[in-house]
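To start, the structure itself, in structure tokens.
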Amino acid sequence: MKDRQLAWRNLWRNRKRTLITAASVFFAIFFALIMRSFQLGTYDKMYSDVIRSYSGYLQLQHPSYLDEPGLDNGLILDPELTRKLEQDPNVEAVVPRIESFALAAAGNRTQGVMVIGVEPERESKALNIRNRIVRYKLTPGAVEALKGEELPGRLAKNTELFAGEAFTEAEDLMSVLGISKKDSAGLLPLLRNHTSFPGSYLSAGESGYAIIGNGLSDYLEAVPGDTIVLIGQGYHGTSAAGLYVVKGVVSMPNPEIDNRFVCLTLDDARWLYGAPDMATSAIIAIKDGSDKVLTATQQRLGAVTGEDLAVRNWKEMNALLLNQMEADNRSGAIMIGILYLVIAFGVFGTVLMMMAERRREFGMLVSIGMRKGRLAGIVGLEMLLMGVIGVIAGVIASLPIVFLGHLRPLRFTGEMARMYEDYGFEPVMPMLLPDTYYLWQVVVVLLILAVAIAFSIRKIFKLNVINALRA
Amino acid sequence: MNVVEINDVYKTYHDTEVEVRAVNGVTLSFTKGDFAVIVGPSGSGKTTLLNLIGGLDQPTTGEIIVAGHRLSELKPSELIDFRMEHVGFVFQSYNLIPVLTAAENVGFIMSLQKWPKEKRMARTGELLEAVGLADRHNSRPSQLSGGQQQRVAVARALAPRPEFILADEPTANLDSKSAETLLDIMEKLNREEEMTFIFSTHDARVMKRARRVITLEDGKVVSDERTNHRE
Ligand SMILES: Nc1ncnc2c1ncn2[C@@H]1O[C@H](COP(=O)(O)OP(=O)(O)O)[C@@H](O)[C@H]1O
Ligand SMILES: [Mg+2]
């Protein structure tokens, strides 16, 4: 009889206890992974949203711009420098932009907005504003019209549930409404007919047009074709004012940006703020934005620009968001800590019970000549097997959920969605695909297990055979 | 030839506030082929004495020599190996490993001793036959009666041919018929394998079957008689 056979048989002699122990490890790892995946997925999405819709990975700025943003700390981009920066292997383009504040008015409504001036063609190398143009929208009119169409039950309910939402692709619209690929062919023309939304992106060379965020469009009740007024303060205290025709509406992922977003061509923005040739910053579009490569790129570019200009990465530019996420991350870690604590107590409980129940048996085994080390090995192996079964089952069970949650993120509606938006988050919870966080959860559980194993091994080595037999 | 020599052995417990002299100056020896029983009322020191002989515990003073080994000179881990190699144990109850079959239990110490598989299997078969359980090779302990379990325990203790077998009240949990059967088997093995048996009891029926009766009282040997009945 081999030791591992003995351990394996021991596992199944008290089936219930083994199952309870394995199950508690299973649930610990399963819930921890799901929680972690949601959390990290949400952060990941928030970071990539803000990077791809707003800040970019790297920006070229005046050294003081980070602390005191505004045209007064702007820069004039030297074509020679641009050429040098664009020679870096990881740099795709250097795209100047103007970013400033203004008051926007349409009809009798006004709203403080953020005005971005971009070179329409080149901008898309760094950001994807162009791909965010709203083409379909469940406007009140559209929802009314769809009601008259006798849609299948669930679909009719969903159109009301998601009323007001805007989409760039028909596919997104279908997926949110819960229409399967199979049914889409039949329903698409009808949906197109009622929900299409006009508008297009800016083009280079034209003047007097603006793209606005979907939230701002709702608030100002301004749709493509309407005119908005922008009033602000220009370079060196001049006053800035202009009239712009809304050319398109974009759906920005971050509600805070979406409610305040106005985009002009760079030339229009320079004209508005009375700052010809200037930019507040330049986005450096790069190919690989992973942490290590980014840091290296930032260092290389920093050497090229010298001290007159600074190269900032997205973390420096979004310090507030990062802080917010880190605080949230800590509270999440505490939750998981509590979960593990509960599980650790459960595992210890069963271990204690097992040790007490088998005391006589251990005494007998050592009496007839089994070395304590060997006995400890068998018992340790039993516990390891129990734990590993739980860990493997937990990891496997989490995978389909995590993959599904990644491909089709959970989307909140109604009250919950409003709450999320009030906090400045998009009401979407994507899950992060397995990554190092999986490893960490497994390591933590195995550590708890190791402590329990060490505890029982110690107990075996301290076993007094005589007392164990008398028990 | 002496298998066990006990010289002026004392064992004192200080666990409670009062000092208990569980074994109080015992000098005894056992020879090969003995079929000896230690009797005495509960608390007279039978278990303690057997534990000392078997190397499960060390005397407070005095010397125990088993098959040439001075037990007081052995370290704890050496004592475990000593027990595995030289002593067969049968306890009052809970002798067997619950997850092993009867045959695997009988083979257990032989496999600790690393006997080759064929020899081990042959010996296991021979002994299960001898204890009347030839048809129960694959039964788990929970599928055997108390008497059958004790017979498997005797077979396991005997299998690797130890110097002697120590059995502490082996019949205490058995009905009288099973007790008789167990004693018949022990007697037979004592004869056929020339195995030395040292066991304890406070059961008069068991006492009558022994060829040597040692009586303990308060940790002292008060009589040591050899009888010559039944052979
Ligand atoms: N481990 C121990 N700790 C303290 N006292 C013990 C211990 N083992 C036995 N004793 C005491 O030693 C005396 C003899 O016990 P024991 O050898 O078990 O007697 P028996 O087996 O004849 O009933 C009893 O008074 C008992 O309480
Ligand atoms: Mg006793």
Exactly one of B:VAL9, B:VAL20, B:VAL66, B:VAL26 is surrounded by 19 or more Cβ atoms within 10 Å (Cβ to Cβ) and within 16 Å of ligand 2 (Cβ to nearest atom), and that residue is B:VAL26
Is there a residue being within 13 Å of chain A (Cβ to nearest Cβ), over 16 Å from the mean Cα position of the chain (by Cα), closer than 29 Å to B:THR31 by Cβ and away from ligand 1 (no atom under 16 Å from the Cβ) anywhere in segment B:83-105?
-> no
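For (1) of a type in the set (A, V, I, L, M, F, W, C); (2) within 34 Å of the chain's Cα centre (by Cα); (3) closer than 30 Å to A:THR305 by Cβ, each residue gets a yes or a no:
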site	(1), (2), (3)
A:ARG13	no, no, no
A:MET35	yes, yes, no
A:SER55	no, yes, yes
A:GLN59	no, yes, yes
A:PRO63	no, yes, yes
Some residue of segment A:40-59 being more than 30 Å from A:VAL442 (Cα to Cα) and in a loop (DSSP other than H, G, I, E, B) = yes
From the option list B:SER72, B:SER77, single residue qualifying as among the hydroxyl-bearing types (Ser, Thr, Tyr), surrounded by fewer than 17 Cβ atoms within 10 Å (Cβ to Cβ) and within 13 Å of chain A (Cβ to nearest Cβ) is B:SER77
Residue that is farthest from A:HIS62 (Cα to Cα) [pool: residues in segment A:297-345 that are in contact (Cβ under 8 Å) with a residue 60 or more places away in the chain and of a type in the set (Gly, Ala, Ser)] | A:ALA344
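Just to be sure, is B:PRO59 touching a residue at least 24 places away in the same chain (Cβ under 8 Å) and either away from ligand 2 (no atom under 16 Å from the Cβ) or hydroxyl-bearing (Ser, Thr, Tyr) (or both)?
yes
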Out of B:ASP168, B:ASP218, sole residue that is buried (at least 21 other Cβ atoms within 10 Å of the Cβ) and touching a residue at least 40 places away in the same chain (Cβ under 8 Å) = B:ASP168
Only one residue in A:ARG418, A:ARG458 is more than 14 Å from chain B (Cβ to nearest Cβ) and either touching a strand residue (DSSP E or B) at 6+ places or on another chain (Cβ under 7 Å) or at pLDDT 90 or above (or both), so which one is that?
-> A:ARG458
Among (1) touching a residue at least 12 places away in the same chain (Cβ under 8 Å); (2) crowded, with 17+ Cβ neighbours inside 10 Å, which single condition is A:MET35 missing?
-> (2)
Residue under evaluation A:ARG83, criteria (1) surrounded by fewer than 21 Cβ atoms within 10 Å (Cβ to Cβ); (2) modelled with pLDDT of 90 or more; (3) under 23 Å from A:LEU216 (Cα atoms), criterion not met | (3)
Segment B:17-54: number of residues that are assigned to a loop (DSSP other than H, G, I, E, B), near ligand 1 (Cβ under 7 Å from one of its atoms) and within 14 Å of chain A (Cβ to nearest Cβ) = 3
Of the criteria (1) modelled with pLDDT of 90 or more; (2) within 16 Å of ligand 1 (Cβ to nearest atom), which one A:ARG470 fails | (1)
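The values are calculated or read from the model by the stated rules, or taken from the named source; none is laboratory data. Since the model is a prediction, treat every value here as computed from it, not as a measurement. Backbone-built Cβ (ideal geometry, glycine too); neighbour counts: all protein chains shown.
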